[in-house]
Amino acid sequence: MHNRIKIIFSLFLVFISLSPFAQNKKQQIESLIIKNDSLLELVSKERKITFQKNIELDSVVFNLENQVRGLKKEINRINDEVIKKVKENENLKVEINLINKQFDLLNMELISKSDSINTLKLKISTDQSISVIDHCWEGISNYDTLITVDNKYFYIFPIDSMEFKNASTVNNQKYLLLDRNVQSSKTGVRITYANGKFKNFKNNLVDHGDYIQYSFLGSFKNIGYYILRVQLYEGIYYLLIDKDNGTEVKVLSEPVFSETGKYFACYNATCAGDDAGLQIFEVINKNKFKLIANELKNHFWDPSFVKWKGDNQLLFEKYRCPCELYKYSKLILN
């Protein structure tokens, strides 16, 4: 029985295989098998290519990493050299400062020797007035320093009278005399500022120490300030007043501007009453300036007249009270 079934099943298979439908399906299956084999072969090739590219990329990445490590080492080396150079430069700066200090000391010594020689020459002279000058300036060096507000120093050097006399005029500043915001009268001066506020500067014309009189001199072309002259019972000073907000700056004199207006100086010399001294201001812009120097160190004289030579040299006449005799110096701004 079992064999009969087996034979019938085999015959059935043969019958099916011989049918057109079965043949068609068989061909389709064989075609799919061929395509599948082709795809498998293509995938295999792509995998090989990808594997090769990955190997190449790994090689490139490895080389780049080596280059980066090399560059980092080079950067560290350069940084070390820069730090070394900076330290060397700092040491060099210290040496330069020491040399400059030695130069200043030698210069002071040279000037002192020159003063001694000049004193000897004056003593030899038969001119009686020279002996008065010797007595008046005896023991006083021409070499001084001007201390700035941030503790820097400007050195003051002696010059001859001809260099001073040949310099430009003391002040090329011309004031603008008329201003609708300023009213002057016998009682004083009233100023209205750009912000709408105002102030009355009232005179007190009494015959004692409380005397004060305000005089409007004008305004400046190059800075936005008014200038008032303030006369006291003993003494005089000036006020620079901001046109916009009324900020007041007390100065020793009418400003003397440098050639291009970058700086201006104020000065005063007196035997009694007023504050004597020298102020130097730097103009930042039309509405702003700052004090950069206002103190003379180890001086026995006062500036009685100043002139500018360009924008960086301030020449001045030195007054020695009570002798009423003069010498000349200049200060060079850095």
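Worth a mention:
- Under 5 Å from the amide H of Tyr328 lie the amide H atoms of Ile159, Lys318, each residue being 5 or more positions distant or on a separate chain, with H modelled from the backbone and absent for Pro and chain starts.
- For the listed peptides 218-225, 32-39, a ranking on the average number of other beta carbons within 10 Å per residue, highest first, reads 218-225, 32-39.
- Within the shell defined by Cβ-Cβ distances under 14 Å, the residues around Asp242 carry a net charge of +4, with Lys and Arg each +1 and Asp and Glu each -1.
- With K and R counted +1 and D and E -1, the other residues having a Cβ less than 14 Å from that of Leu228 yield a net charge of +2.
- Each label was represented as a point 7 Å from its Cα along the Cα-to-Cβ direction; for Asp37 and Leu98 these points are 9.3 nm apart.
- Extension gain (nm, one decimal) between Val68 and Ile236, 0.36 nm per residue minus Cα-Cα: 53.1 nm
- When Glu254, Glu74 are sorted by how many other C-beta atoms sit within 10 angstrom of their C-beta, beginning with the fewest, the order is Glu74, Glu254.
- Relative contact order (%) - criterion: Cα under 8 Å, at least six apart; region: region 193-286: 19
- For the pair Glu259 and Ala194, label points projected 7 Å from Cα toward Cβ lie 3.0 nm apart.
- Rounded to the nearest whole Hz, the Karplus-based 3J(HN,Hα) values (6.51 cos²θ - 1.76 cosθ + 1.60, θ = phi - 60°) of region 248-265 follow the sequence 10, 10, 7, 10, 7, 7, 5, x, 10, 8, 6, 4, 9, x, 5, 10, 9, 10, with x at glycine and proline.
None of the figures in this text is laboratory data; all of them are computed from the coordinates on show. If you're wondering where the values come from, they're calculated on a predicted model, not measured in any experiment. With ideal geometry, Cβ positions are generated from the backbone for all residues, glycine too; neighbour counts draw on all protein chains shown.
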